[in-house]
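The values are calculated or read from the model by the stated rules, or taken from the named source; none is laboratory data. On a predicted model such as this, the values are computed, not experimentally measured, just so you know. Here Cβ is always computed from backbone atoms with ideal geometry, including for glycine, and neighbour counts include all displayed protein chains. Remember, those area values only see protein heavy atoms, side chains included, never the ligands or the DNA or RNA. Shrake-Rupley method; radii C 1.70, N 1.55, O 1.52, S 1.80 Å.
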Amino acid sequence: MEDISKAVERKDHRLKMSGRAEYTCDKRLEGMLYSAFVRSEIAHGRILDITLPDLPAGYVAVGGHDLYDNHLPVVTDEQPVFAVDEVCFVGEAILLLAGPDLATVRRLCRETKVTYEELPAVLTLDEATEMAAHYHYRKGDVEAAFAQAAQVVEETFTTGYQEQAYLEVQGMVAQWDAENGKMHVFGSLQAPYYVKNAVMRVLGLDDEHVRVVQQVTGGGFGGKEDYPSLIACQAAAAAKKAGAPVRVAYDRREDMTVTTKRHPSRLHYAAALDAQHRIIALKADICLDAGAYPGLSGVVLQRSVNVAAGVYKIEHLDVDGRAVITHTVPNGAFRGFGGPQSIFAMESLMNHLAAKVGMTPLAFRQMHVVQQGDDTVTGGKFHQYVPIPDLLAKVEEMSAYSRKYAAYSQPQTGRYRRGIGLSLFLHGCGFTGSAEKDILRARVILRKYADDTVEILASNVDIGQGLKTTFSKIVAAVLDLPLERIICPNPDTDRVPDSGPTVASRSLMIVGKLVERAARKLKAGWESGKEQEAVADYEAPELIPWDMDKFSGDAYPAYSWGVNVVELEEDRLTGMTKLLGVWGVFDVGKVIDNTVMLGQAEGGMLQGIGYGSMEKMEAAAGKIRQNSFTDYMIPTAMDTVPNQIAFIDNYYADGPFGAKGAGELTLLGGAPAYTAAVEQAAGKAYPNIPLTPERILAAEAK
Amino acid sequence: MLDFILNGKKCTSQLPPQSRLLDVLREEFGLHAPKEGCGEGECGACAVLVDGMLWNSCITPLANVQGKSVLTLEGFRDTEKYKLLEQCFGEAGAVQCGFCTPGMIMAAEALLRQKPHPQEAEIREAISGNLCRCTGYNMIIAAVRMAAERGAGLW
Ligand code: FES
Ligand code: FES
């Protein structure tokens, strides 16, 4: 059989390339109404009165009172679909107005008067006291270890917001079929069944009477995990009330102002070292800004605390994590999901500790890295081979890291100084803990038609990461069919079983395995020319059971691993940097498609470097200040260099053809490798990201 | 009423002259390949060619294209040049979510018309007004390069 990794043209390439793909903004339905929101202008207050202008015929306004249940289910249900009595952040939706002419709808929104009684607002993480989530775990005897330490080093790190900046903004179209009492929802989303369950609850409809269809989706990166449920409920409520299809289409400023982002964070670390420079104990105190409602923050936090010690083996550990409520836009899922904050802090700490004890960052890391068979921080195990030595050998060969590191450590003079930084990281694949087994219980169906084409029925989506292609390749390889015979349409909940959302780097590893198993079943009973079906349900691998209360056990079934190296030149006059080289080596198990995987690595690494360097977003008085591409800068083609990327083959038995999770891993190392390179060039430590030229210069001035 | 040439054919728009060209294309003429990524001239998802130059249609008033020739992906996708680009973008893996793609293709076409054999730096610059959040750009640059290498005589 041909190696499955060999690249093919993507299943949806021609459709997208030719501009024929139907995104949500391209959906047109007979009589469709346009909509706009009335939103809170203040960070916190009581709504005293809402006065609407006279609505012309054919125009409707919907709010919380129009709903069967105004609670949006996102893990918990604190967040209202529409604010009714109280507003908790700038931009919170109060009403949705819909009608045939968009300009008129917008005017009506402007003419709607909301009177508030302003209440005190908690605007920063430092002021916040109310907790959305709290996790704590310990290992060993931290106090005793600190008491014996030869040296104790403490440091506080901060990270900023990061906006997903998917090129296609959020959008949804809802259509009410009054005759059958059924709601149809079409949108840009990652989790069809999350949206379906939310609409069912909010409108009080049963399983049979809500249908969700994913449109071609222009990027998600986590931003379309939880958020689409909210606008789907809002659009659906309006469609039902108006008796006509309603489209919700954000513009970029609205999207950047009100949608979920990566959590800003503050991370305080204390490390205890023995006389041989080994870290014997570590305390981490992690605080994430949840924004106004808890939403996914608790789940995000689980991942932050789980990777608090990065890829290192540390005997005594005390990790405390909190997500706190502020009167700012709620934060949510973004590729890496709580990991990038901790990995940045831990990797930076490793560099700073290495400098303190007079070792190179690499040698100091090598003293501490985990190996197969070691315990994880939560008393689970690294069951599979940990390929860190292979990753390091490969990246050394590609980048000449050590030679350059030594060269740039010599005194540098002049305006331009060089530096090179390295980061090591891991990603726990799939959901944290036992959610796959206890909550999701994913199912996949393969349907074979009389012409022997096979359709994949699953609720996972292709949002650009190439899932249609990788899923199809798995089926084609098992059944030994040409790829053209495999169909993988966008999910429609009327047709596909619930195989869970496309999040947490789970789609290929977890659901892809079900796809593979279903294909094997189909193959075993294959009868050409006959309609047949094969079903596969999730089966949990043997693991150390996860206990969420004690925060112990195997948090993840498997880990992906990576190393990044960034080399750059810093201009001491302007604080600007120029990338000279970027390298990445990853272990994602078996690569299912070389080109698809390369795309994940290229895109993820650039998002990681953007996170560490230029993507600056702040809230002032509770309002997001950088809410356009003019103010919130993401990297352009001019900000990149040709990357060198490689993959290590490390077969994982519970993944399809040996594959593990891959999408999030690639983002994790960019920020710490970038800052490490700047630190070497500038000869300073930078604990805060994004490390913008302004920040570099401010530190130079000191 | 305003006349211009759209994808090689004479046409007349009924919309007011200050309308955004992007709306004219998408709403009046049903051409959905140009996309709105920002509406402020910052992302290039709406890019089209006007008399061979790359313009962001979201910040172009209809009046500005009077008498000019506007080319969208719809008017380009049946050409040999497009077919080569399609193949090269596919091979290089230059399309992920695809939302930036129609604008990218127009940017590539604008470049190759001017410079059939661009250097890497020139490709970077030519697509620097087109944001892509998925690919990290390098695979797009590789695709354009591949097309330039294989496209002897096409541009
Ligand atoms: S939509 Fe026109 S430049 Fe972004
Ligand atoms: S492919 Fe998604 S924005 Fe370019």
>> Every residue in the range A:211-269 that is within 14 Å of chain B (Cβ to nearest Cβ), closer than 29 Å to A:Leu457 by Cβ and of a type outside the set (Gly, Ala, Ser), please.
In response: A:Gln214, A:Gln215, A:Val216, A:Thr217, A:Phe221, A:Lys224, A:Arg247
>> What's the number of the only condition in (1) surrounded by fewer than 21 Cβ atoms within 10 Å (Cβ to Cβ); (2) over 16 Å from the mean Cα position of the chain (by Cα) that B:Thr135 fails to meet?
In response: (1)
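Going through the range A:92-130 one residue at a time, which ones are under 33 Å from the mean Cα position of the chain (by Cα) and among the hydroxyl-bearing types (Ser, Thr, Tyr)?
Initially, the range A:92-130 is screened for residues under 33 Å from the mean Cα position of the chain (by Cα), giving A:92-98, A:102, A:106, A:109, A:119-130.
A:Thr124, A:Thr129, listed by residue number.
Please specify each residue of the range A:615-651 satisfying the condition of being in a loop (DSSP other than H, G, I, E, B), of a type in the set (A, V, I, L, M, F, W, C), open to solvent by less than 40 Å² (accessible area, probe 1.4 Å) and within 14 Å of chain B (Cβ to nearest Cβ). Break it down stepwise before answering.
Taking the range A:615-651 and keeping what is in a loop (DSSP other than H, G, I, E, B), we get A:615-618, A:621-622, A:625-636, A:640-642, A:648-651.
Narrowing the set further to residues that are of a type in the set (A, V, I, L, M, F, W, C) leaves A:617, A:621, A:629, A:633-634, A:641, A:648.
Filter once more, so that each one left must be open to solvent by less than 40 Å² (accessible area, probe 1.4 Å): A:617, A:629, A:634, A:641, A:648.
Within the range A:615-651, A:Phe629, A:Ile634, A:Val641 meet the criteria.
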> What is the one condition in (1) within 16 Å of ligand 2 (Cβ to nearest atom); (2) closer than 30 Å to A:Lys6 by Cα; (3) of a type outside the set (A, V, I, L, M); (4) not in a helix (DSSP H, G or I) that B:Pro118 does not satisfy?
Replying inline: (1)
>> So the check is Cβ under 9 Å with 6+ separation or different chains; which pairs have a first residue in the range A:590-610 that's within 21 Å of A:Ile510 (Cα to Cα) and outside the structural domain of A:Val566 (by TED's automatic domain parsing) and a second one that's of a type outside the set (Gly, Ala, Ser) and buried (at least 24 other Cβ atoms within 10 Å of the Cβ)?
In response: none
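Condition check ((1) modelled with pLDDT of 95 or more; (2) assigned by TED's automatic domain parsing to the domain that holds B:Ser13; (3) among the hydrophobic types (A, V, I, L, M, F, W, C); (4) away from ligand 1 (no atom under 15 Å from the Cβ)) across all residues:
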{"site": "B:Gly41", "(1), (2), (3), (4)": "yes, yes, no, no"}
{"site": "B:Asp51", "(1), (2), (3), (4)": "yes, yes, no, yes"}
{"site": "B:Ala92", "(1), (2), (3), (4)": "yes, no, yes, yes"}
{"site": "B:Gly103", "(1), (2), (3), (4)": "yes, no, no, no"}
{"site": "B:Arg133", "(1), (2), (3), (4)": "yes, no, no, no"}
{"site": "B:Gly136", "(1), (2), (3), (4)": "yes, no, no, yes"}
> So which of A:Phe82, A:Phe89 ends up being within 24 Å of the chain's Cα centre (by Cα) and assigned by TED's automatic domain parsing to the domain that holds A:Phe37?
Replying inline: A:Phe89
> Is there a residue being open to solvent by 10 Å² or more (accessible area, probe 1.4 Å) and not aliphatic (A, V, I, L, M) anywhere in the range A:420-431?
Replying inline: yes
> Failed condition for A:Gly140, given (1) within 32 Å of the chain's Cα centre (by Cα); (2) on the phi < 0 side of the Ramachandran plot, with all others met?
Replying inline: (2)
> For the range A:432-454, how many residues are over 15 Å from A:Gly661 (Cα atoms) and either open to solvent by 10 Å² or more (accessible area, probe 1.4 Å) or within 16 Å of ligand 2 (Cβ to nearest atom) (or both)?
Replying inline: 16
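Among the residues of the range A:497-507, count how many are closer than 19 Å to A:Lys11 by Cα and in a loop (DSSP other than H, G, I, E, B).
Start the filter on the range A:497-507 by keeping residues that are closer than 19 Å to A:Lys11 by Cα, which leaves A:502, A:507.
Now narrow it down to the ones that are in a loop (DSSP other than H, G, I, E, B): A:502.
Qualifying residue count, the range A:497-507: 1.
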>> Anything in the range A:661-690 that is of a type in the set (A, V, I, L, M, F, W, C), surrounded by fewer than 24 Cβ atoms within 10 Å (Cβ to Cβ) and part of a loop (DSSP other than H, G, I, E, B)? List them, or say none.
In response: A:Ala685
>> When you check B:Cys58 against the structure, is it outside the structural domain of B:Pro102 (by TED's automatic domain parsing), at negative phi and either without any contact (Cβ under 8 Å) to a residue 12 or more places away in the chain or away from ligand 1 (no atom under 16 Å from the Cβ) (or both), yes or no?
In response: no
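What number of residues within the range A:143-169 satisfy the criterion of being of a type in the set (S, T, N, Q) and within 14 Å of ligand 2 (Cβ to nearest atom)? Can you show your working first?
Our first condition is that a residue be of a type in the set (S, T, N, Q); within the range A:143-169, this holds for A:148, A:151, A:156, A:158-159, A:162, A:164.
Checking the rest, the ones that are also within 14 Å of ligand 2 (Cβ to nearest atom) come to A:164.
Number of matching residues: 1.
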>> Every residue in the range B:121-143 that is assigned to a helix (DSSP H, G or I) and within 9 Å of ligand 2 (Cβ to nearest atom), please.
In response: B:Ile140
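Looking at B:Thr72, B:Thr101, which is the one that is within 12 Å of another protein chain (Cβ to nearest Cβ), out of contact with any Pro (no Cβ under 9 Å at 6 or more places or on another chain), buried (at least 17 other Cβ atoms within 10 Å of the Cβ) and of a type in the set (Ser, Thr, Tyr)?
Working: B:Thr72 fails: out of contact with any Pro (no Cβ under 9 Å at 6 or more places or on another chain).
So the residue among B:Thr72, B:Thr101 that is within 12 Å of another protein chain (Cβ to nearest Cβ), out of contact with any Pro (no Cβ under 9 Å at 6 or more places or on another chain), buried (at least 17 other Cβ atoms within 10 Å of the Cβ) and of a type in the set (Ser, Thr, Tyr) is B:Thr101.
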> Looking at the range A:583-611, which of the residues that are among the β-branched types (Val, Ile, Thr) and closer than 10 Å to A:Ala662 by Cβ is farthest from the other protein chains (Cβ to nearest Cβ)?
Replying inline: A:Val588
>> Go through (1) open to solvent by 10 Å² or more (accessible area, probe 1.4 Å); (2) assigned to a strand (DSSP E or B); (3) within 14 Å of chain B (Cβ to nearest Cβ) for A:Leu580 and report which single condition fails.
In response: (3)
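Results for (1) within 29 Å of A:Gln276 (Cβ to Cβ); (2) within 28 Å of the chain's Cα centre (by Cα); (3) surrounded by fewer than 24 Cβ atoms within 10 Å (Cβ to Cβ); (4) modelled with pLDDT under 95, shown as yes or no for each residue.
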{"position": "A:Gln372", "(1), (2), (3), (4)": "yes, yes, yes, no"}
{"position": "A:Lys381", "(1), (2), (3), (4)": "yes, yes, yes, no"}
{"position": "A:Tyr385", "(1), (2), (3), (4)": "yes, yes, yes, no"}
{"position": "A:Lys404", "(1), (2), (3), (4)": "yes, no, yes, no"}
{"position": "A:Arg415", "(1), (2), (3), (4)": "no, no, yes, no"}
> Among the candidates B:Glu120, B:Glu86, which residue alone is within 7 Å of another protein chain (Cβ to nearest Cβ) and either open to solvent by 10 Å² or more (accessible area, probe 1.4 Å) or more than 16 Å from ligand 1 (Cβ to nearest atom) (or both)?
Replying inline: B:Glu86
> Which of the residues that make up the range B:1-53 are within 24 Å of A:Arg253 (Cα to Cα) and more than 13 Å from chain A (Cβ to nearest Cβ)?
Replying inline: B:Leu21, B:Val24
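Quick one: which residue in A:Gly31, A:Gly91 is more than 14 Å from every other protein chain (Cβ to nearest Cβ), surrounded by 20 or more Cβ atoms within 10 Å (Cβ to Cβ) and outside any strand (DSSP E or B)?
After applying the criteria, what remains is A:Gly91.
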>> Six or more apart or on different chains, Cβ atoms under 7 Å: show the pairs whose first residue is in the range A:342-361 and surrounded by 24 or more Cβ atoms within 10 Å (Cβ to Cβ) and whose second is among the β-branched types (Val, Ile, Thr).
In response: A:Ser342/A:Ile286; A:Ser342/A:Val307; A:Ile343/A:Val307; A:Phe344/A:Thr159; A:Phe344/A:Ile689; A:Ser348/A:Thr675
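What number of residues within the range B:13-57 satisfy the criterion of being part of a helix (DSSP H, G or I) and within 16 Å of ligand 2 (Cβ to nearest atom)? Even if it seems obvious, please write down each step before you answer.
If we filter the range B:13-57 for residues that are part of a helix (DSSP H, G or I), which is where we start, we get B:21-28, B:57.
Of the ones still in play, those that are also within 16 Å of ligand 2 (Cβ to nearest atom) are none.
Of the residues in that region, 0 qualify.
Taking the criterion of being within 24 Å of A:Leu205 (Cβ to Cβ) and surrounded by 18 or more Cβ atoms within 10 Å (Cβ to Cβ), would at least one residue in the range A:48-61 satisfy it?
The initial filter retains those residues of the range A:48-61 that are within 24 Å of A:Leu205 (Cβ to Cβ), namely A:60-61.
Adding the requirement that they be surrounded by 18 or more Cβ atoms within 10 Å (Cβ to Cβ) leaves A:60-61.
Yes, the range A:48-61 has at least one match.
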> Across the range A:177-234, what is the number of residues that are surrounded by fewer than 22 Cβ atoms within 10 Å (Cβ to Cβ) and assigned to a loop (DSSP other than H, G, I, E, B)?
Replying inline: 7
